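Take a look at the structure set out below.
What follows draws every value from the coordinates through simple rules; no lab data is involved. Bear in mind the structure is a predicted one, so any value in this text is a computation, not a measurement. Here the Cβ positions follow ideal geometry from the backbone for every residue, glycine too, while neighbour counts run over all protein chains shown.
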Amino acid sequence: MKGLCILGATGSIGANTLDVVARHPDKFRVVALTGNCRTQTLLQQCLAHRPDYAVLVEPKAAQELSRQLKAAGLATEVLVGPQALAEVAVLPEVDCVMAAIVGAAGLLPTLAAARAGKRILLANKEALVISGPIFMDSLRASNAELLPIDSEHNAIFQCLPANFRAGTKASSVRRILLTASGGPFLTTPLERLTEVTPEQAVAHPRWEMGKKISVDSATMMNKGLEVIEASLLFSLPPEQIQVVIHPQSVIHSLVDYVDGSVLAQLGNPDMRIPIAYGLAWPERIESGASALDLFEVACLDFQPPDFERFPCLKLAFEAARLGGTAPVVLNAANEVAVAAFLERRIPFTAIAELIERTLNAFPVSQVTDLDSVLAADSEARRLASELALNFG
Ligand code: NDP
Ligand code: MG
């Protein structure tokens, strides 16, 4: 039995993870579940999976959860606050940590799990994007396994040789082809993009996801973050990563080898597939996803990305080339801009503008340690928030 800690259990990836886990009660034991503030969702998950620990970051929500769990007669211990996330991630009875908190908030507990040598199932791409070399060094030092859950990176991992480990360089790879659906605004006339609403932006044509990543998919900043993520996981410069728009989301990414062979992983767009792969690796288990029907799919289309339509993707490629604090600033400004858009404080097209202005205001410096990451993150957030306030 593998002991599991699910960071961000109450979110979309968290719920999908518990769905797979529930299919294999003989293989996994839920040790800890965490959320930010959603008491009712975490309560229901605790009732179904009976973890030893449940964490909520918000004190009032944690108090309420504790009261309701006691009333239900459950022995689950409730912990509170951001430091409790890292505490449960490094428990000795935890073998495997699903990192599924959204945004930079997931960095410290995910890094703690890496340092403690846990198997990391990485959905929380922002944590890796901002801490880059520090994160990869921690993995190497503790010999921790990292399995990518992001569907594209999981696909690439599946297409690499069986002995490949994240953070090393696979030989004979010419480039990686990272597929992208193009999101809900792939064909919207450019002049209409200023008017699109949060509701339209989060209505992703292929995937059901949390709000932040859905907006990131609409701007294609999600693909930009994934370029940086891929460059770290597969030790490749951004020039060897090609983004391919593939609206059907059936091919989840491809590896182009020097002999001209191209390997791809296909499947229905269902996150339970990469999650099950990460949970059981190197074996395979049932995920609950339906079988791919190629006759129903019928056609697979591909097109190059348009940087005028998706300026965020261009900014991310630039940040990937610059390295150092550039990805930290890019991510922080994006988190602030997306939150401002979702709260209807800035228009959709201002997201890229705000990120570009924040990046231009910051000279790139080296990332030397975790403190330099956290300092760049909070400075960039401060500036981006100021820009959002005075936008227009
Ligand atoms: P959701 O918004 O659905 O869930 C986010 C989770 O993080 C929730 O459990 C939430 O708690 C928790 N959380 C939010 N803020 C904090 C905080 N400050 N401290 C601690 N916990 C916090 O997001 P998704 O599940 O969609 O995405 C999670 C991560 O996985 C993201 O990094 C995303 O990019 C990545 N990913 C997601 C995919 C998907 O299909 N959804 C696909 C590929 C990658 P609460 O519910 O209480 O607010
Ligand atoms: Mg992805």
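Among residues of region 77-117 being closer than 21 Å to Leu128 by Cβ and assigned to a strand (DSSP E or B), the one that is nearest to ligand 1 (Cβ to nearest atom) is Ala99.
Please go through region 125-152 and give me each residue that is within 16 Å of ligand 2 (Cβ to nearest atom) and among the basic types (Lys, Arg), ordered by number. Steps first, please.
Step one: list which residues in region 125-152 are within 16 Å of ligand 2 (Cβ to nearest atom), which gives 125-129, 146-152.
Lys125 - this is the single residue of region 125-152 that is within 16 Å of ligand 2 (Cβ to nearest atom) and among the basic types (Lys, Arg).
For residues that are assigned to a loop (DSSP other than H, G, I, E, B) and at negative phi, tally how many sit in region 350-392.
Within region 350-392, residues that are assigned to a loop (DSSP other than H, G, I, E, B) and at negative phi number 10.
Identify, please: which residue in region 216-252 is in a helix (DSSP H, G or I) and over 19 Å from the mean Cα position of the chain (by Cα) and is, among those, farthest from Ser171 (Cα to Cα)?
Step one: filter region 216-252 for residues in a helix (DSSP H, G or I), giving 216-219, 221-233, 238-240.
From the residues that got through so far, the ones that are over 19 Å from the mean Cα position of the chain (by Cα) too are 239-240.
On the way: Glu239: 16, Gln240: 13 Å.
That would be Glu239.
With respect to (1) within 16 Å of ligand 2 (Cβ to nearest atom); (2) part of a loop (DSSP other than H, G, I, E, B); (3) farther than 29 Å from Val329 by Cα, the lone exception for Ala264 is condition (2). Listed by first and then second residue, the pairs linking a residue in region 291-310 that is surrounded by 12 or more Cβ atoms within 10 Å (Cβ to Cβ) to a residue that is in a loop (DSSP other than H, G, I, E, B), with Cβ atoms under 6 Å apart and 6 or more places separating them unless they lie on different chains, are Leu292/Gly267; Leu292/Asn268; Val297/Val250; Leu300/Gln248; Phe302/His246; Phe310/Met220. Within region 81-90, the set of residues being in contact (Cβ under 8 Å) with a residue 60 or more places away in the chain and more than 13 Å from Ala54 (Cβ to Cβ) comprises just one member, Ala89.
When region 118-133 is limited to residues that are out of contact with any Asp or Glu (no Cβ under 7 Å at 6 or more places or on another chain) and assigned to a helix (DSSP H, G or I), the one that is surrounded by the fewest Cβ atoms within 10 Å (Cβ to Cβ) turns out to be Pro133. Number of residues in region 318-342 that are crowded, with 20+ Cβ neighbours inside 10 Å and part of a helix (DSSP H, G or I): the value is 17. Selection of region 8-42 for residues being within 12 Å of ligand 1 (Cβ to nearest atom), over 22 Å from the mean Cα position of the chain (by Cα) and surrounded by fewer than 20 Cβ atoms within 10 Å (Cβ to Cβ) yields only Gln40.
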